[in-house]
Amino acid sequence: MKNTVFLGTLAAAGLAAGFVSAATLDDVKARGELNCGVNTGLVGFAAPDANGNWSGFDVAICKAVAAAVLGDASKVKYVPTTGQTRFTALASGEVDILSRNTTWTFSRDADLKFTFIGVNYYDGQGFMVNKALGVTSAKELDGATVCIQTGTTTELNLADFFKVNNMTYSPVTIETNAEGEQQFLAGACDAYTTDASGLAATRAAFANPEDYVILPEIISKEPLGPLVRHGDDQWADITRWAMNALIAAEEYGVTSANIEELSKGTENPEINRLLGAGEDNLGAMIGLEKDWGKKAIVGAGGNYGEIFAATIGESTPIGLARGLNAQWTQGGLLYTPPFR
Amino acid sequence: MATVTDAPKASFRLSMLIYDTRYRSITIQIVVLLLFMAGAAWLVDNTVRNLAALGKDFSFGFLWNRAGYDINQMLVQYTNDSTHGRAMLIGLLNTLLVAFMSCVAATVLGVIIGVLRLSPNWIVGRLTTVYVEMFRNIPVLLWILVAYAIFTEVLPAPNAFRGENPTASMILFDSVALTNRYTAIPDPLFYRSLGNIDVGLFLISLDLLAIIAVITGSVLVNRKLLAHATAVQNATGVRPVTWWKSILVLLVPLALLLIALGFHAERPVLRGFNFTGGLDVSNSLMALWLGLTLYTAAFIAEIVRAGIGAVSRGQTEAAFALGLRPNRTMSLVILPQALRVIVPPLISQYLNITKNSSLAIAVGYMDLRGTLGGITLNQTGRELECVLLMMLIYLAISLMISGAMNVYNNSVKLKER
């Protein structure tokens, strides 16, 4: 009899533990903390400082979501993931959202069962070489040894690029960006390839950044964005619109300086809806409070443009230009659907 | 069944299953079995439900899809147009290569260290003790990384060999270049190659087959020759001179074959970014090999020492009394007897080497873990299938090694009559 009860309990526990819970929002609220998958360390995008506080362009998304959901941008547990471990971490429920310069591709969306909630950085794959090599174009890399992070789309682009240009190469597979940096600096590879933004960030951390050059060829499209699991549309909506709020804020001129002022109500109904200042309660539609948008923007440290400028923009050591990542009104690709 | 029918027919009560010592052990075993099966069923059920919840199916179809990535060390042909299954084969061969190299080297080194550790020479004994304690008490991953760091940081980059006054130069008559990426060695080639035969999975070089056939033939003939000499010696008491005949039989056919095939070695030449023309032995392979060898040799040394220690002292004394020198005593009397103690634990060390070779990812060596369990897993997102397949393959390799070693063990163990 006792055994039967025990088995029954075991089976019930098994069933309860067996499902990856569908309601991520409830889980996060109950936990009081957002688990956010980030890079193991890429200056500008996601890197911990000397005190272990994470900051960066991708980290801002985590903060925005945490602020919108929990009302506190600091309630984030950052889970460093490598190119290899990131998808398993997300699929298994170890992280609620993966914000780790991940390329949006068909198979990741459809086959790996993830939902990309948008693009926060339009990127492309490039090459970095030592200036002493005298290489000025990626087409001169025939026969080169190339360092590449394993488990990334760049691995496949690289193979295609060399095949199309009828060149040969020898890949050196590395696990993390730090390892790639070390191998590249030791001369174990002639070229280091990853997303151009990643190259710029990596180079910024070198002792002599001016000795290295990023080649002009961009060999692929790499729309980088945060992603969540398939199957929880409410959570996907929350994260998607938290990110859109940052982009919309820039478009409407909402900054961390004037947000308190604007959230008291403005003439622009769109801003009112974004900040929860007007009659419309958009927050209720996604299970959040009315002023979720304001919290997200404040928590992330400003609008998209402010975050960009503070983490990876031209005034930082990484020095990336807005380029494709400018607002659509400025000739870029950033275009958020309306808050209505 | 038998137990049940043997029980007194009179009164069988359910409580007897617990209180009657005749049934109790069976009851306990059945309960444990049920629990075990329930646990297994729960795991499978959990997996199936979770896969269904994620909308994923369970299929190995991806093995026939195009892999799309390149691998830097291939023992058989592979391009990025090959399938994931083929990439898995490349990884498997790389695993087997490094495991085989490490097993051989670790055994040789381990036996030498183990024997030297028993040396009456104080300094030799202590030095080998230091070796054993140092290498077996530090994780093998660190040794692999240390070896790799030495290769990449200390050796010159290929472009250091360039120019009028290169900072680095090739060794061994300009035929071998040690670089921080690989060691470029001459590539053996044939002007009049016999070609290859395709056996489906890979090509087999007919040249290699011919060379193996000739060497085997030579060795067989040489053995005949020696057997004949022994027969003559047994009959007449005088052993005929055989050394020049042996050399002739062993070397001349091979030399003739190589000349006929037009054997030559192509030297590596620095062209563009890297050395071309020769064979590149990657530093990741060398580092992994070195790390695994040094680490496991320390364990094998201890096993050998224990094995030798297990042979009674009387055996050595008897051999000395017969006038055998220490070297001959060791190789003819002690080691053969020690083998039956040494071989069983040696099997586990070989298995350890094979399994530890999956640390290859740390130095970018594309073994099974790097291809099937690394890139393929990531590009296809088939975690469960890839990991299960990888486990199955490692299990199969380990069982095969242990099976082969058990056969060997049976041949050296003490024959009891």
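The values are calculated or read from the model by the stated rules, or taken from the named source; none is laboratory data. What you see is a predicted model; the values in this text were computed from it and never measured. We place every Cβ from the backbone using ideal geometry, glycine too, and count neighbours over all the protein chains shown.
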Query - Number of the condition not met by A:LEU98 [criteria: (1) under 26 Å from A:PHE206 (Cα atoms); (2) among the aliphatic types (A, V, I, L, M); (3) under 15 Å from the mean Cα position of the chain (by Cα)] - result: (1)
Query raised in the report: Within region B:215-257, which residues are within 22 Å of B:LEU194 (Cβ to Cβ) and hydroxyl-bearing (Ser, Thr, Tyr)?
Result: B:THR216, B:SER218
Query raised in the report: How many residues does region B:310-331 contain that are free of Cβ contacts under 8 Å to residues at least 24 places away in the same chain and not in a helix (DSSP H, G or I)?
Result: 5
Report task. Sort out which residues of region A:28-48 are under 13 Å from A:LYS63 (Cβ atoms) and crowded, with 24+ Cβ neighbours inside 10 Å, and write them in order of number. Result -> A:LEU34, A:CYS36, A:VAL38, A:ALA46
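Listed here are the residues, each with its yes/no results for (1) modelled with pLDDT of 85 or more; (2) away from chain A (no Cβ under 14 Å); (3) surrounded by 10 or more Cβ atoms within 10 Å (Cβ to Cβ).
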residue: B:ALA10; (1), (2), (3): no, yes, no
residue: B:MET16; (1), (2), (3): no, yes, yes
residue: B:ASP20; (1), (2), (3): no, yes, yes
residue: B:ILE26; (1), (2), (3): yes, yes, yes
residue: B:LEU34; (1), (2), (3): yes, no, yes
residue: B:ALA41; (1), (2), (3): yes, no, yes
Query raised in the report: Of (1) closer than 23 Å to A:GLY44 by Cα; (2) free of Cβ contacts under 8 Å to residues at least 12 places away in the same chain; (3) in contact with a helix residue (DSSP H, G or I) (Cβ under 6 Å, 6 or more places away or on another chain); (4) of a type in the set (Gly, Ala, Ser), A:GLY283 satisfies all except one. Which?
Result: (1)
Query raised in the report: Would you call B:GLY272 at pLDDT below 85 and on the phi > 0 side of the Ramachandran plot?
Result: yes
Query raised in the report: Among the strands (runs of 3 or more DSSP E) contained in region A:62-148, which hold 2 or more residues that are among the aliphatic types (A, V, I, L, M) and touching a Cys at 6+ places or on another chain (Cβ under 9 Å)?
Result: A:76-81, A:97-103
Report summary line: Exactly one of A:GLY265, A:GLY187, A:GLY253 is modelled with pLDDT under 90, surrounded by fewer than 22 Cβ atoms within 10 Å (Cβ to Cβ) and more than 30 Å from A:CYS147 (Cα to Cα), and that one is A:GLY265
Query raised in the report: So which pairs qualify, if the first residue must be in region B:381-394 and within 21 Å of A:LEU90 (Cβ to Cβ), the second must be in a loop (DSSP other than H, G, I, E, B) and of a type outside the set (Asp, Glu), the Cβ gap must be under 7 Å, and the two must be at least 6 apart or on different chains?
Result: B:GLY381/A:LEU112; B:LEU384/B:PHE58; B:GLU385/B:PHE58; B:GLU385/B:PHE60
Query raised in the report: How many residues are within 23 Å of A:ASN130 (Cβ to Cβ), facing chain B (nearest Cβ under 8 Å) and either of a type outside the set (A, V, I, L, M, F, W, C) or not in a helix (DSSP H, G or I) (or both) if we restrict to region A:153-176?
Result: 8
Query raised in the report: Filtering region B:276-324 down to residues that are of a type in the set (S, T, N, Q) and within 14 Å of chain A (Cβ to nearest Cβ), which residue is surrounded by the most Cβ atoms within 10 Å (Cβ to Cβ)?
Result: B:SER284
Query raised in the report: Assuming A:LEU42 fulfils every condition listed in (1) modelled with pLDDT of 90 or more; (2) touching a helix residue (DSSP H, G or I) at 6+ places or on another chain (Cβ under 6 Å) apart from one, which condition is it?
Result: (1)
Report task. Might you let me know whether region A:129-146 holds any residue that is within 23 Å of A:THR316 (Cα to Cα), of a type in the set (A, V, I, L, M, F, W, C) and under 19 Å from the mean Cα position of the chain (by Cα)? Result -> no
Query raised in the report: Are any of the residues in region B:259-269 more than 33 Å from the chain's Cα centre (by Cα), closer than 26 Å to B:ASP187 by Cβ and of a type in the set (Lys, Arg)?
Result: no
Query - B:LEU270 being among the hydrophobic types (A, V, I, L, M, F, W, C), touching a residue at least 12 places away in the same chain (Cβ under 8 Å), assigned to a helix (DSSP H, G or I) and in contact with a helix residue (DSSP H, G or I) (Cβ under 7 Å, 6 or more places away or on another chain) - result: no
Query raised in the report: Is it fair to say B:LEU63 is away from every other protein chain (no Cβ under 14 Å), closer than 30 Å to B:ASP198 by Cα, surrounded by 14 or more Cβ atoms within 10 Å (Cβ to Cβ) and under 45 Å from the mean Cα position of the chain (by Cα)?
Result: yes
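Okay, residues lined up against (1) free of Cβ contacts under 8 Å to residues at least 24 places away in the same chain; (2) farther than 30 Å from A:VAL164 by Cβ; (3) basic (Lys, Arg):
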| site | (1), (2), (3) |
| --- | --- |
| B:MET16 | yes, yes, no |
| B:SER25 | yes, yes, no |
| B:ASN46 | yes, yes, no |
| B:LEU54 | yes, yes, no |
| B:GLN77 | no, no, no |
| B:ALA87 | no, no, no |
| B:CYS103 | no, yes, no |
Query - From B:VAL132, B:VAL140, B:VAL124, B:VAL98, residue being crowded, with 18+ Cβ neighbours inside 10 Å, farther than 23 Å from B:SER284 by Cβ and among the aliphatic types (A, V, I, L, M) - result: B:VAL132
Query raised in the report: Being aliphatic (A, V, I, L, M) and closer than 24 Å to A:PHE57 by Cβ, is that true of even one residue in region A:276-285?
Result: no
Query - Unique match (being modelled with pLDDT under 95, within 30 Å of B:ALA210 (Cα to Cα), part of a helix (DSSP H, G or I) and in contact with a Leu (Cβ under 6 Å, 6 or more places away or on another chain)) among B:LEU89, B:LEU93 - result: B:LEU93
Requested in this report: Select from region B:146-161 the residues that are away from chain A (no Cβ under 11 Å) and more than 30 Å from the chain's Cα centre (by Cα) and list them in ascending order.
Outcome: B:PHE161
Query raised in the report: Would you say A:ARG229 is basic (Lys, Arg) and in the same structural domain as A:VAL95 (by TED's automatic domain parsing)?
Result: yes
Query - In region B:72-86, residue farthest from the chain's Cα centre (by Cα) [restricted to those that are of a type in the set (Val, Ile, Thr) and at pLDDT below 90] - result: B:THR79
Report summary line: Inside region A:179-198, the number of residues satisfying the requirement of being in contact with a Phe, Trp or Tyr (Cβ under 7 Å, 6 or more places away or on another chain) and either away from chain B (no Cβ under 14 Å) or farther than 20 Å from A:LEU141 by Cα (or both) is 1
Report task. Evaluate the following for B:ASP45: is it of a type in the set (Asp, Glu) and either closer than 30 Å to B:THR128 by Cβ or outside the structural domain of B:GLY291 (by TED's automatic domain parsing) (or both)? Result -> yes
